[in-house]
Amino acid sequence: MNTITVNASMRYDIHIGPGLLGSLGQAVRQLGNAQKICLVSESTVFPRYGQAALDSLKDTGFSVDAFVFPAGEESKNGAVFLELLNFLAEKRLTRSDRIVALGGGVVGDLAGFAAASYLRGISFIQVPTTLLAAVDSSVGGKTAIDLPAGKNLAGAFHQPSLVLCDTDTLDSLPGDIFLDGSAEVIKYGVLYDEALFSHLEERGVAFHREAVITRCVELKRDVVALDEFDTGARMKLNLGHTVAHGIEAKSNFTISHGRAVAMGMAIITRAAVQMGLCDKGAAERIIHVLNQFGLPVSTDFSADDLYTYTLSDKKRSGGTVKLIVPREIGRCDIEPVGVEELKDWIRAGL
Ligand code: NAD
Ligand code: GLY
């Protein structure tokens, strides 16, 4: 097992390794006094891992209630959020009790936002079961629900008290969901770490799971410690995401987030070469590794369409979009780009 400690507004540990679900109860017990736990999960994950989590928590003396909602992004909404808050109130959880989020990013975001809101904030534990949740969403305290106007439009920064990543749970992930998470793993290599990137080049999808997740989490820990509230350095985690949001929206969300991020990274990288900002050899390596994983690196959407959909993204501020631009493997810069200029970037990268 590897343990990483995050030093943000709250200090907490992230445990990563196989077979950790059975020690969930003990790990939560070590956080201090609590009597009740609400285990939040969804309809795909709970039947697989819910009982092990319940048993471990009950064996260590907790009184546990489970709140299970239908799997999928469609559930990350205000109605399910309110249902969960009402459930917590009915079960009379107090400020010293805890929520355990067992699942992917949808469960973590929704349960985390409920933890941030219920009684003005109670403790929660992330137990990620997707690769994306393991390397990204379970760490750093961003919690949210979607609104009809867009994704993640209501939320809070609320750090977990503990993250417990049992890498065995990733065994049951469908290949396409694992691949979506892989796009985020590749992103960390491009952003910060040549050695991680080289390992991905050598091993492809057969990368060393525990070591790679640990490295990604270390990198995220460092960014979160530097910029917990996402006003500077943390924005780099959006590499590929600005254009990806446009691709997802234009496809009416039929193209998954991970695949859109892969296309977004490839488009920005090619554009950066055209603009003389990125080394050509580095760009070839990025495109090659995405190909090697079976991730898409181009789109049939036109530059005009992508521009329109990309501009409607909420992360735009005034007349500028902050693009994350690869310079070499392991080094990217934040490049403020005028909205008019954005079209040139997209055109250059297609
Ligand atoms: P998800 O939670 O919907 O999981 C993807 C699919 O995998 C679902 O169908 C789920 O039922 C299934 N699944 C989960 N674990 C499984 C397992 N072990 N075995 C078999 N199937 C399993 O999606 P995700 O990709 O984990 O996360 C996406 C969400 O995360 C989005 O809502 C996104 O906005 C959010 N997100 C948040 C942050 C953050 O910092 N908070 C960062 C990135 C993404
Ligand atoms: N997933 C982006 C962030 O945590 O900031």
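Here, each number is a calculation from the coordinates, and none is a lab measurement. For clarity, every value in this text was computed on a predicted model and none was experimentally measured. Positions of Cβ are backbone-derived with ideal geometry, glycine not excepted, and every protein chain shown enters the neighbour counts.
Quantify how much of the Cα-Cα distance distribution of the range 9-121 extends past 25 Å, in percent.
On the way: 1039 of 6328 pairs.
Distances greater than 25 Å cover 16 percent of the Cα pairs.
Among rounded, prolate and oblate, which fits the range 42-90 when a ≥ b ≥ c are the square roots of the eigenvalues of its C-alpha gyration tensor, a/c under 1.5 means rounded, and a/b larger than b/c means prolate?
Oblate, since a/c reaches 1.5 and b/c is not below a/b.
So how many Å³ per residue does the convex hull of the Cα atoms of the chain work out to?
Dividing the Cα hull volume of the chain by its residues yields 117 Å³.
If each of Glu194 and Glu210 carries a label point 7 Å out from its Cα toward its Cβ, how far apart are those two points in nm?
2.9 nm
Once you keep just the Cα pairs under 8 angstrom separated by 6 or more residues, what percentage relative contact order results for the range 1-154?
Numbers: 259 pairs, mean separation 30.8, N = 154.
Relative CO of the range 1-154 lands at 20 percent.
Given a Förster distance of 45 angstrom, what is the FRET efficiency for Asn7 paired with Thr308, based on the Cβ-Cβ distance and rounded to 0.05?
Numbers: r = 41 Å, r/R0 = 0.92.
So, using R0 = 45 Å, E works out to roughly 0.60.
About the Cα centre of the chain, how large is the charge dipole given +1 on each Lys and Arg Cβ and -1 on each Asp and Glu Cβ? Please answer in debye to the nearest 20.
720 debye
If each residue of separation counts as 0.36 nm, what is the full-extension length gain between Arg331 and Ser256 once their alpha-carbon separation is subtracted?
On the way: separation 75, 0.36 × 75 = 27.00 nm, distance 2.60 nm.
24.4 nm is the gain from fully extending Arg331 to Ser256.
In terms of the Cα gyration tensor, with a ≥ b ≥ c the square roots of its eigenvalues, is the range 255-350 rounded because a/c is under 1.5, prolate because a/b exceeds b/c, or oblate?
It is oblate, given that a/c is not under 1.5 and a/b is not larger than b/c.
Once the Cβ-Cβ distance between Gln274 and Glu74 is put in as r, and R0 is 41 Å, what FRET efficiency do you end up with, to the nearest 0.05?
Numbers: r = 39 Å, r/R0 = 0.94.
Efficiency at R0 = 41 Å is approximately 0.60.
Any idea what the relative contact order of the chain is, in percent, if you count C-alpha pairs under 8 Å spaced at least 6 apart?
Numbers: 698 pairs, mean separation 52.5, N = 350.
Averaging sequence separation for qualifying contacts and normalising by length gives 15 percent for the chain.
Could you give the length gained on full extension between Thr94 and Gln51, defined as 0.36 nm per residue of separation minus the Cα-Cα distance, in nm?
Length gained, Thr94 through Gln51: 13.1 nm.
So for the range 253-350, averaging the separation of alpha carbon pairs under 8 Å that are six or more residues apart and normalising by length, what relative contact order in percent results?
On the way: 119 pairs, mean separation 37.1, N = 98.
So the answer I get is 38 percent.
Among Thr143, Val205, Ile122, flag the residue with its Cα farthest along the positive direction of the charge dipole of the range 104-228, charges on Cβ as +1 for Lys/Arg and -1 for Asp/Glu.
It is Ile122, whose Cα lies furthest towards the positive end.
What is the distance, in nm, between label points placed 7 Å from the Cα along the Cα-to-Cβ direction at Asn291 and at Ala225?
3.8 nm
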